[in-house]
Amino acid sequence: ATPTALLTGTGRGAQLGILIKGADVLEDTRRVDTIVLDKTGTVTTGRLTVEKVDADDGDRVLRLAAAVEHASEHPIARALAGTRPRPAPVEQFVSAPGGGVRGLVLEPFSEQGGAGHMVVVGREDWLRRSGVDVDEDARERLAVAEGDGATAVLVAVDGQVAGIITLRDAVQPGAAEAVGRLRRLGLTPVLLTGDNEHAARRVAECVGIEPERVHAGVSPAEKVAVIERLQHEGATVAMAGDGVNDAAALAQADLGLAMSTGTDVAVEAADITLMSHHLGKVADAVHLSRRTLGTIR
Ligand code: ADP
Ligand code: MG
């Protein structure tokens, strides 16, 4: 393509909310044959709702979890924090990307100084790393909660599992059509997520991604490894993600697409930033590049 055509392409992209980092990025999209999709916020809406709290004192578990999650950007955190507009203050906050959060929640009724409750929210391995003993009973209840494709997190208070919160996310309207368009553009879709296998498979089935192309329960570092493996097998990989924990994977991909409002790190790591949450924009971006390059009309 001529320099003028490339400039026209990037200009047209900007009008469509497709911000392309330099004209040579368009050339990269030509070679791409695999599209790795982050599940939460890329294929799903990313707006989760709390469905159930399995605990002796569900209200307390939700209140404490909401307090620690106020400092996190994760979609799970936004859903939990959103249930409590005025949370108790939190000290010693720690966030583990792809794992969860923890912090000392100072409730109004706890004494000043030293008092408060150490609250850990997230995956089983994160609770263990935070010194919580996750017993067989808790593991079974977690498996039940995840059984029909929901997202579930464990909540521990002062070293003991206190409850399990089940959340649900909806597949984006139009996501199945978008996956179909990507296939017609010659891209093989792959689903990648830190969430559990059941939730991942449910989403994959909804949008028509084969079960063998689903990678669930992977840490941010393992996401990078999955992309590297695909590259070693000869694939040229595009990756689309909303950026929470995905910056390294976006950078590893041959073509990184950050979905809107993604974090600044994600935008930096990406070659293309999409000013929309809709998966259809990913197909639009590939289509635009190829049209600009004259490989399709
Ligand atoms: P995804 O690939 O769906 O974007 P992440 O890699 O961000 O997921 O997170 C993987 C898993 O880690 C989540 O499904 C959840 O169990 C846990 N997790 C991550 N961040 C948080 C958080 N802020 N609060 C609770 N759990 C979290
Ligand atoms: Mg994510």
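General observations
- Fraction of C-alpha pairs exceeding 27 angstrom in the chain: 43 percent, rounded to a whole number.
- Each residue of the stretch 49-168 gets 94 Å³ once the volume of the Cα convex hull is shared out per residue.
- Gly163 long-range amide H proximity, modeled H, under 5 Å: Val155
- Computed on the stretch 114-211, with alpha-carbon pairs under 8 angstrom and 6+ residues apart, the relative contact order is 25 percent.
- In summary, the lysines within cross-link reach of Lys281, defined as a Cα separation below 20 angstrom excluding same-chain residues under 8 places away, comprise Lys21, Lys39.
- Amide proton proximity set for Thr188, modelled H, under 5 Å, gap of 5+: Thr34, Ile35
Taken together, the values in this text are just the output of simple stated rules run on the coordinates, not laboratory data. If you're wondering where the values come from, they're calculated on a predicted model, not measured in any experiment.
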